[in-house]
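The values are calculated or read from the model by the stated rules, or taken from the named source; none is laboratory data. All values derive from a computational prediction rather than experimental measurement. Virtual Cβ from ideal backbone geometry, glycine too; neighbours counted across all protein chains shown. Please note that ligands, DNA and RNA were not included when accessible areas were found on the heavy atoms of the full protein model with its side chains. Shrake-Rupley method; radii C 1.70, N 1.55, O 1.52, S 1.80 Å.
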Amino acid sequence: MAKRKGRRRTPGLVKVGQVWHVDKRVRGFGRVCESTGAERLEDAEEYLQQRIEGIRRQLRPDYVPDVTFEAAAAKYIVESEKESIALDAEHLAKIMPYIGGLPLRCIHDETLKPFIEHRRREGRKSATVERTLASVRMVLSAAHERWRHFNGEPWLRAAPIISRVDWGDAQPGYPLTWTEENLLLGCQPLHLAKESVFASNTGAREQEVVQLRWEWETHFPGLGAVAFWVPASVTKNTSRNKEGRYLILNSVARAVVDSQRGLHPDRVFLYRGQPVNSMNNTAWENALARAIDNYSELIGRPCPERFRSVSPHDLRHTYATRLRAFEVSEDDRADLLGHHRRGVTRLYSHAQIAKLVAAAERIASLGGLDDRVLSRVRREYYGY
């Protein structure tokens, strides 16, 4: 009696106990030995087919392995030389439960939407959510522009355009009058008061102040002028050329800087001998609370509601408002504030530097312009 023939087994599959295993050589790759985890032959054959197809894709010269966003973010944090990388790490940690396990190619507006909607329901400001998304963009940009696989292919073939979020909840700026500034400064500890005076006399952003380095200091012979060249990584410059910008110092800002010389080899502003990381901290909040309590008594009118939430960024608005009040031209204001102007180079001539220093010097004398003039300009531009 002839022996009945069974179903022909797929080459490369071996049954060990109740489970099928792969034992197969793949040309150009080598030997594959692993368990399929399947007890049924049909399931094991499907596993083997998918495994071989995956290997063949890897052997193609244009193959791009899937890298998770979590792995890319970790690489970005480890390799970054940014002073503010700790802040980026905090923001990336917040979004990791939503997209950490996704391949880079799957990060786009739709996969980010659950995070954005959840943060909005929590009552977070759109600016806060936007800072998190900015960190995501930086990771994706690095994966596209800098990082390469073994075959030269980028980790991400094209960085997606991630839409900005803004649900119209940003508070307008609150430029301080000189009386209000003096009240706030009088309530601040010395190290914070120096940072505040520097900001209101240069228009520097918070990170430009706290990260200010001596190596950025620039002297202009013959002008008696001093400036700091702040790199693009700190200035928030988003132009294509990613230029830095000059912080032009008037005599008040120079006096603040001179008082810090010799205290630290690298950084200008310190607290108890160590570089500072922020201005908008507990010290700022405590000083503002004291200023609010004393506002009516020392200034002679009720404390405005908006003053109760004054932040370090309002010192930049203060600087801009004073420049307007002294009728400094729009172009000079843009240069002093570090606003990007298309087609304008940052390689200034001595004549341009002298012009900017003269403009900045016009507001160097605290109280040099009547508060009523500043209040009028403030109402005109900010509605206060």
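Tabulated data for the structure shown
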| item | result |
| --- | --- |
| Residue-count net charge about Pro312 - beta-carbon cut-off 12 Å; Lys, Arg +1, Asp, Glu -1 | -3 |
| Non-local Lys pairs in the chain, i.e. 8 or more apart or on different chains, that have alpha carbons under 18 Å apart | 7 |
| Net +/- balance of residues flanking Glu117 in space, Cβ distance below 13 Å, scoring K and R +1, D and E -1 | +2 |
| Spin-label pair Met96/Asp258, simplified geometry with 7 Å Cα→Cβ offset, distance in nm | 4.9 nm |
| Full-stretch length increase - Arg137, Glu42 - with 0.36 nm per residue and alpha-carbon distance subtracted | 29.8 nm |
| Rounded D (µm²/s) - region 101-175, Kirkwood Rh over Cα pairs, Stokes-Einstein at 37 °C, 0.692 mPa s | 235 µm²/s |
| Distance in nm between pseudo-label sites at Arg148 and Gln274 (7 Å out along the Cβ direction from Cα) | 4.1 nm |
| Fully extended contour minus Cα-Cα distance, from Trp214 to Leu87, at 0.36 nm per residue | 43.4 nm |
| GluC sites (Glu not before Pro) lying in DSSP loop within region 114-190, provided at most 14 other Cβ fall within 10 Å | Glu122 |
| Under 9 Å, Cβ to Cβ, from Val139 - net charge with Lys/Arg +1 and Asp/Glu -1 | +1 |
| Neighbour cut-off at most 15 other Cβ (10 Å), DSSP loop, chymotrypsin sites (Phe, Trp or Tyr not before Pro), region 165-206 | Trp167 |
| Potential lengthening between Glu70 and Ser251 on full extension [0.36 nm per residue; Cα-Cα distance subtracted] | 60.4 nm |
| Per residue solvent-accessible surface (Å²) - region 46-178, probe of 1.4 Å | 56 Å² |
| Sparse-neighbour loop sites [trypsin sites (Lys or Arg not before Pro); region 253-296; at most 16 other C-beta within 10 Å; DSSP] | Arg261, Arg272 |
| Where only alpha carbons of the chain are counted, the Rg and the Dmax (Å) | 29.8, 117 |
